[in-house]
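What follows is one structure encoded as structure tokens, with my remarks underneath.
The values are calculated or read from the model by the stated rules, or taken from the named source; none is laboratory data. Being a predicted model, the structure only gives us computed values, none of them experimental. Positions of Cβ are backbone-derived with ideal geometry, glycine not excepted, and every protein chain shown enters the neighbour counts.
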Amino acid sequence: MIPQKTVQEILETAKIEDVIQDFVNLRRRGVNMIGLCPFHNEKTPSFTVSPAKNIFKCFGCGKAGDPAKFIMEHEHLSYPDSLRYLARKYRIEVQEVELTPEAVAQQQAEESIYILNEYARQFYQDQLFETDMGKSIGLSYFKGRGFREETIRKFGLGYAPNEYEAFVKKATQAGYKLDFLKKLGLASQYDKDFFRNRVMFTIFNLSGKPIAFAGRIMEKDAKAPKYINSPETEIYVKNKNLYGAFHAKTAIRKADECILVEGYTDVISLHQAGIENVVASSGTSLTEGQIALIKRFTPNIKILYDGDAAGVKAALRGLDMVLEQDMNVRVVLIPDGHDPDSYLQLVGATAFQAFIDEQAKDFILFKTNLLLAETKGDPVRKAGLVRDIVDSISRVPDPFKRSFYVKECARVMELEEEVLISETNKVVRQILQKRDDARRKKPEVKVNIVPEGDGEFPMEAPPEFEDYMPVVGPMEKQATGHEFQERDIARILVEAGGKIYDEKENMSVAEFVLGSIQDVLEDFDNESYKRIAKEALQLLLDKQPINTQYFIGHNDQVISELAVDLLHTPWEYSPGWAERELYLSSQKMPEENFNKDSLSALLQFKLRKIIRLCEKNQQQLKAVPSDDSSQLMRLLKVQMKLNEMRNEVMKQVGMVVLK
């Protein structure tokens with residue numbers, strides 16, 4: 001168990017933008033940062049990070065929280081493990097209190113997948129370096145590929161011995177259950193080792209944890225498949241992972257480009273040669289999930305293909321989905337008879353880098369030239385080529401890019417540009433019509449605010465973003481009745497409850513607000529806002545500090561999510577304010593003006609409650625029998641008093657006083 005003092009230190013040290021940029025490419029927009037959400041597939045950024053408030057929020061799927069919550073969601077970790085992750089990142093020493101056997105068992109259950117995969121990775125690597133068979137077969141293979149020892153260890157390479165129960169026996173003796181070995185694909189259905197006599201490649205997630213394995217067979221002319229992989233689990237989905245992404249993510253962001261190859265050894269070889277922004281699709285066609293993963297770090301992708309023309313042609317068919325994601329795709333054809341690894345070994349790192357830079361061709365123009373060479377002047381085949389190219393061009397969302405492609409392809413194919421424009425527009429209209437039809441079938445989603453653009457906040461999702469249907473979070477539903485004022489009070493308690501309201505009296509904002517409304521807490525219309533107010537009141541009674549982090553990191557997920565919703569606002573100052581040093585002169589800036597903010601919210605809250613009491617009293621007056629003069633007089637006096645209270649509060653608020 002992590003002591004509370006250490007927890008506080010971790011949460012105060014962790015910077016939300018630093019943590020998230022390990023997984024998502026963020027760009028600055030005003031005081032906030034935006035990027036593509038890592039929790040759902042989207043084309044238009046709806047994922048917002050607030051460095052000032054140290055929180056994130058996605059307007060597309062509703063995920064929100066602080067650095068610890070992000071790590072919990074992204075890495076599928078428990079709260080304590082997410083804190084340990086952040087502690088390691090920021091080099092904070094964690095001296096844990098001894099756990100009970102029950103707590104240890106629960107923690108092990110939560111971490112079991114990662115723990116077992118790490119155990120397997122170490123086993124295979126030990127076999128590679130410490131056994132005669134591993135050295136003679138596995139290590140000689142890797143060194144024959146030119147891999148240095150530090151590279152082998154860095155990428156978690158290993159060797160699975162040619163024995164039926166070598167791993168299963170050792171793992172079960174270490175306490176791992178056989179059923180769990182089968183679940184992760186480390187043991188077969190017959191209780192034997194799944195990987196045997198294979199060199200092993202470890203597949204890591206973006207934070208460097210082993211999530212799966214791939215094994216290459218060492219037997220020549222074997223009937224078994226050349227490569228076998230771990231099955232999919234809750235932490236490993238093949239079509240959403242790219243081999244080498246963990247080792248490449250920083251280099252991809254720095255180079256603003258991702259190099260895509262096919263095989264594991266291609267990635268390792270290029271990385272060792274200093275070309276580190278490289279990943280592999282692991283022998284499968286590129287999927288939407290993998291494209292989304294790349295786009296989180298860069299919109300630019302360079303794909304290296306072996307020289308086999310037939311294979312390249314087949315691979316190109318699946319790349320239209322990359323164009324649909326508005327990515328810039330370039331293609332490099334490695335000389336015939338070579339793959340990226342072998343060609344790198346042949347020419348060296350410097351010449352290889354120069355080659356892929358010089359030979360990179362735009363995807364659509366590359367495809368046009370490749371297919372045009374096959375038509376050999378045949379008009380029928382050329383007509384088919386035109387339809388194929390038009391279909392690809394029409395997938396490009398940017399109309400300016402489409403216009404460029406039309407012009408260039410018309411020149412290459414010796415066609416009238418107007419013909420290509422007409423055909424492209426037909427296909428574009430068909431695509432838009434399909435999207436409109438699909439959108440009409442989707443249930444309507446009402447949202448308060450969708451942050452789109454600088455300074456403009458449309459009330460509904462833009463029609464062209466058919467996949468961008470923001471989810472209304474638990475606290476984003478349309479406020480009714482007195483909930484506006486209740487929400488404002490809850491927001492102030494979360495954001496500024498611990499700030500000083502009156503320095504002379506040493507009174508906090510929470511003490512001022514709650515002292516004024518304590519007797520009407522039960523009259524809150526919204527139960528969630530009431531919970532925030534009651535939680536803050538209990539902290540005061542217990543003489544505990546009230547701070548933002550307490551609510552964001554609350555064990556109750558409802559309170560935690562609500563706190564983030566209350567803190568996050570899509571409005572922001574124009575960048576010109578800070579650049580030109582324009583600040584308010586008559587009062588403090590809004591985010592620092594807790595006194596005026598608190599008083600205003602409190603007065604508005606009181607006014608609403610008084611007006612409600614007035615309305616209730618008037619209803620009672622109407623219901624009084626005409627012969628009950630005493631009851632009538634009593635209610636009239638109450639009404640006069642309520643009117644006086646209402647008018648006094650309205651004066652303080654600055655509203656016109658009702659007569």
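Identify, please: which residue in the stretch 85-110 is touching a helix residue (DSSP H, G or I) at 6+ places or on another chain (Cβ under 9 Å), under 22 Å from TYR236 (Cβ atoms) and surrounded by fewer than 18 Cβ atoms within 10 Å (Cβ to Cβ) and is, among those, modelled with the highest pLDDT? That would be GLN108. Could you count how many residues in the stretch 131-162 are assigned to a helix (DSSP H, G or I) and either under 20 Å from ALA212 (Cα atoms) or of a type in the set (S, T, N, Q) (or both)? Residues that pass the stated criteria total 8. Any chance the stretch 330-338 includes a residue that's modelled with pLDDT under 85 and within 30 Å of PHE142 (Cα to Cα)? Within the stretch 330-338, one or more residues are modelled with pLDDT under 85 and within 30 Å of PHE142 (Cα to Cα). Checked against the criterion of being surrounded by 16 or more Cβ atoms within 10 Å (Cβ to Cβ), closer than 30 Å to ILE71 by Cβ and modelled with pLDDT under 75, the stretch 594-607 contains not a single residue that satisfies it.
Based on what the data block shows, is ASP341 in the same structural domain as ASP391 (by TED's automatic domain parsing), modelled with pLDDT under 90 and buried (at least 20 other Cβ atoms within 10 Å of the Cβ)? When the stated conditions are applied, ASP341 does not pass them. In the stretch 614-631, the qualifying residues are those that are out of contact with any helix residue (DSSP H, G or I) (no Cβ under 9 Å at 6 or more places or on another chain) and not in a helix (DSSP H, G or I), and the one that is surrounded by the fewest Cβ atoms within 10 Å (Cβ to Cβ) is ASP627. One residue stands out in the stretch 240-265 among those that are among the charged types (D, E, K, R) and either at pLDDT 95 or above or closer than 26 Å to ASP18 by Cβ (or both): the one that is surrounded by the most Cβ atoms within 10 Å (Cβ to Cβ), namely LYS249. In the stretch 163-201, of all residues being assigned to a loop (DSSP other than H, G, I, E, B) and among the aromatic types (Phe, Trp, Tyr), the one that is surrounded by the fewest Cβ atoms within 10 Å (Cβ to Cβ) corresponds to TYR190. It is to be established whether one or more residues within the stretch 245-258 are assigned to a loop (DSSP other than H, G, I, E, B), of a type in the set (S, T, N, Q) and over 23 Å from PHE363 (Cα atoms). For the stretch 245-258, residues assigned to a loop (DSSP other than H, G, I, E, B), of a type in the set (S, T, N, Q) and over 23 Å from PHE363 (Cα atoms): absent.
Among residues belonging to the stretch 526-570 that are within 21 Å of the chain's Cα centre (by Cα) and farther than 25 Å from SER78 by Cβ, point out the one that is modelled with the highest pLDDT. The extreme case among them is LEU566.
In the stretch 409-427, the residues that are in a helix (DSSP H, G or I) reach residues that are of a type in the set (Gly, Ala, Ser) with C-beta atoms within less than 8 angstrom, at least six apart or across chains, in these pairs: GLU417/ALA410; VAL419/ALA410; LEU420/ALA410; THR424/SER394; VAL427/SER394.
Considering the stretch 41-64, and only residues there that are within 19 Å of GLN557 (Cβ to Cβ) and in a strand (DSSP E or B), the residue that is farthest from the chain's Cα centre (by Cα) turns out to be ILE55. In the stretch 344-372, the residue that is modelled with the highest pLDDT out of those that are surrounded by 15 or more Cβ atoms within 10 Å (Cβ to Cβ) and not in a helix (DSSP H, G or I) is ALA360. Applying the selection to the stretch 65-91, what residues are among the aromatic types (Phe, Trp, Tyr), within 15 Å of GLU17 (Cα to Cα) and either more than 12 Å from the chain's Cα centre (by Cα) or in the same structural domain as ILE115 (by TED's automatic domain parsing) (or both)? Listed by number, the list holds a single entry, TYR90. Is the stretch 381-404 home to any residue that is in contact with a strand residue (DSSP E or B) (Cβ under 9 Å, 6 or more places away or on another chain), basic (Lys, Arg) and surrounded by fewer than 19 Cβ atoms within 10 Å (Cβ to Cβ)? Yes. Taking ALA224, is it assigned to a loop (DSSP other than H, G, I, E, B) and either buried (at least 21 other Cβ atoms within 10 Å of the Cβ) or modelled with pLDDT under 85 (or both)? Yes: the conditions hold for ALA224.
Checked against (1) more than 17 Å from ARG253 (Cβ to Cβ); (2) outside any strand (DSSP E or B); (3) modelled with pLDDT of 85 or more, VAL7 passes all but condition (3).
Of the residues making up the stretch 155-185, those that are without any contact (Cβ under 8 Å) to a residue 40 or more places away in the chain and of a type outside the set (S, T, N, Q) are PRO161, GLU163, TYR164, GLU165, ALA166, VAL168, LYS169, GLY175, LYS177, LEU178, ASP179, LYS182.
Tell me the residue from ARG121, ARG216, ARG145 that is surrounded by fewer than 21 Cβ atoms within 10 Å (Cβ to Cβ), touching a residue at least 60 places away in the same chain (Cβ under 8 Å) and over 30 Å from ARG88 (Cα atoms), please. Just a single option satisfies the conditions, and that option is ARG145. Across the stretch 10-38, the qualifying residues are those that are part of a helix (DSSP H, G or I) and in contact with a Leu (Cβ under 9 Å, 6 or more places away or on another chain), and the one among them that is nearest to GLN95 (Cα to Cα) is ILE10.
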